[in-house]
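These notes concern the structure reproduced below.
The values are calculated or read from the model by the stated rules, or taken from the named source; none is laboratory data. In this text, all values refer to a predicted model and were calculated from it rather than measured experimentally. With ideal geometry, Cβ positions are generated from the backbone for all residues, glycine too; neighbour counts draw on all protein chains shown.
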Amino acid sequence: MGSTYYGAQKFTLTQAATATSAGFNSWVENSVFASGVNWLILAANGTGGLPGSTLFSGTNTAVTHVAGPVGASAPTTDYSFGFTPASLAAGSYYLAVQAITTNFYDYLSKGVADSGAANSADGGASWAAGYGDPAFSSVAMSLTGTFDNNVPEPSSLALLLVGLGAIYRRKTA
């Protein structure tokens with residue numbers, strides 16, 4: 001994902017929630033795995049509904065990885081990490097990740113949503129819609145935690161679990 005490159009996925013909460021961990025799926029070449037992740041939770045208040053204000057952020061070197069599903073042409077890797085609880089009101093947000101890795105060929109996988117992917121090539125200072133080349137409409141990420149009433153609505157749960165489903169390898173130029 002590069003040293004200043006973030007991939008992000010939009011999600012919407014219909015009720016307040018507390019996020020405690022996240023994950024993402026990547027196509028990883030040569031089995032050189034990320035040793036950590038820089039992460040952001042941003043409000044969807046940027047230009048055109050893109051990521052805007054950073055609400056929570058951190059670096060986590062306690063990242064686990066396990067074999068993920070087989071993508072379009074290669075196996076993928078599921079990464080996961082925890083963080084200090086982040087309380088979020090109902091609304092739209094982005095989860096953004098930047099793998100800490102020496103592997104230039106560690107790409108987020110395509111998600112199942114029809115929209116919501118964003119990318120930043122400058123460490124989160126500016127954002128553009130889509131991810132990759134060709135641009136994915138969504139990327140495979142998940143955000144977990146608890147809802148105020150501990151029963152997520154199906155639409156909220158579906159958006160939080162955007163990373164499940166179709167996984168495709170990002171085409172390299």
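One table, with the values for the structure above:
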| quantity | calculated |
| --- | --- |
| Among residues of the stretch 67-92, those that are modelled with pLDDT under 90, in a strand (DSSP E or B) and surrounded by fewer than 13 Cβ atoms within 10 Å (Cβ to Cβ), counted | 2 |
| Close pairs from the stretch 46-67: first over 18 Å from Ala89 (Cβ atoms), partner crowded, with 16+ Cβ neighbours inside 10 Å and of a type in the set (Asp, Glu), Cβ under 7 Å, at least 6 apart | His65/Asp78; Val66/Asp78 |
| Members of the stretch 94-130 found to be under 11 Å from the mean Cα position of the chain (by Cα), at pLDDT 90 or above and among the hydroxyl-bearing types (Ser, Thr, Tyr), listed by number | Tyr94 |
| Subset of the stretch 93-109 (residues that are among the hydroxyl-bearing types (Ser, Thr, Tyr) and in a strand (DSSP E or B)) | Tyr93, Tyr94, Tyr107 |
| Filtered residue count, the stretch 100-143, keeping only those that are touching a helix residue (DSSP H, G or I) at 6+ places or on another chain (Cβ under 7 Å) and surrounded by fewer than 20 Cβ atoms within 10 Å (Cβ to Cβ) | 2 |
